[in-house]
Amino acid sequence: MRVGIGYDIHKFQKGRRLILGGVEIAGETGLGGHSDADVLLHAIMDALLGAAGLGDIGCFFPPDDPSYAGADSRQLLAQTGQMIAQVGYTVWSMDATVIAEKPRLSAHIRSMRQRIAEALDLDESRVNVKATTNEGIGDIGRGRAIAALAVALLQER
């Protein structure tokens, strides 16, 4: 078994949709970034790639590559899952935390778990997502950014 950790952070940017865990959260300002800026899925991809010893998300989906402009991170996550399988691993479990002062995410957690599980072809019980605040500290605490942490456990096939 192998373990990896991932992290991502993006600032809010007016005029963008907010996508977290593959779920659009209506009525909220989105995050700035080259793709859809889904910090949760990006942290998960980094955790998966790290556990497999494949580097990080920028190695495969560079932020300066125009082909990834506005990309759907669920598709990138599915591709990451395929890469993991190609090097001989299966995703055993995934745990992630979204750190945000706003919006409140409890109503969206189940949908996020479902979308992540679907993209990785996993049973939803192997995917956990939680949310917390940054207690008013820093850009996250001031409501200017959202971050995510993820841990992935892979099993050799």
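Taking the stated definitions as given, is Ile9 surrounded by 15 or more Cβ atoms within 10 Å (Cβ to Cβ) and either modelled with pLDDT under 95 or under 16 Å from Arg113 (Cβ atoms) (or both)? Here the answer is no, as Ile9 does not meet what is asked.
Residues in region 122-152 that are of a type outside the set (S, T, N, Q), over 18 Å from Ser111 (Cα atoms) and surrounded by fewer than 19 Cβ atoms within 10 Å (Cβ to Cβ): Glu135, Gly136, Ile137, Gly138, Asp139, Gly141, Arg142, Gly143, Arg144. Would you confirm, using the coordinates I've provided, whether Tyr68 is surrounded by 15 or more Cβ atoms within 10 Å (Cβ to Cβ), farther than 20 Å from Glu28 by Cα and modelled with pLDDT under 95? Yes, satisfied. Within region 94-123, residues that are farther than 19 Å from Leu31 by Cβ have Cβ atoms under 9 Å from residues that are outside any helix (DSSP H, G or I) and among the charged types (D, E, K, R) in these pairs: Asp95/Lys130; Ala117/Asp123, counting only partners at least 6 apart in sequence or on another chain. Could you tell me whether Met45 is surrounded by 14 or more Cβ atoms within 10 Å (Cβ to Cβ) and under 28 Å from Tyr89 (Cβ atoms)? Yes: the conditions hold for Met45. Identify the residue in region 1-24 that is among the small types (Gly, Ala, Ser) and in a loop (DSSP other than H, G, I, E, B) and, among all such residues, is nearest to Gly138 (Cα to Cα). The extreme case among them is Gly21. Against the condition farther than 19 Å from Ala147 by Cα and in a helix (DSSP H, G or I), how does Ala43 come out, does it pass? No: the conditions fail for Ala43. Ile25 fulfils the conditions (1) farther than 22 Å from Ile5 by Cα; (2) of a type outside the set (Asp, Glu); (3) more than 16 Å from the chain's Cα centre (by Cα) except for a single criterion, (3).
Identify the residue in region 13-24 that is crowded, with 19+ Cβ neighbours inside 10 Å and in contact with a Leu (Cβ under 7 Å, 6 or more places away or on another chain) and, among all such residues, is farthest from Ile99 (Cα to Cα). So, considering only residues that are crowded, with 19+ Cβ neighbours inside 10 Å and in contact with a Leu (Cβ under 7 Å, 6 or more places away or on another chain), the one farthest from Ile99 (Cα to Cα) is Gly22. Looking across region 97-111, just one residue is over 11 Å from Thr132 (Cα atoms), hydrophobic (A, V, I, L, M, F, W, C) and surrounded by 16 or more Cβ atoms within 10 Å (Cβ to Cβ), and that is Ile109. For region 25-34, filtered to residues that are touching a strand residue (DSSP E or B) at 6+ places or on another chain (Cβ under 6 Å) and not in a strand (DSSP E or B), the residue that is surrounded by the fewest Cβ atoms within 10 Å (Cβ to Cβ) is Gly32.
The values are calculated or read from the model by the stated rules, or taken from the named source; none is laboratory data. Bear in mind that the values here come from a model prediction, so they are computed numbers and not experimental data. Note that each Cβ is placed from the backbone with ideal geometry, even for glycine, and that neighbours are counted across all protein chains shown.
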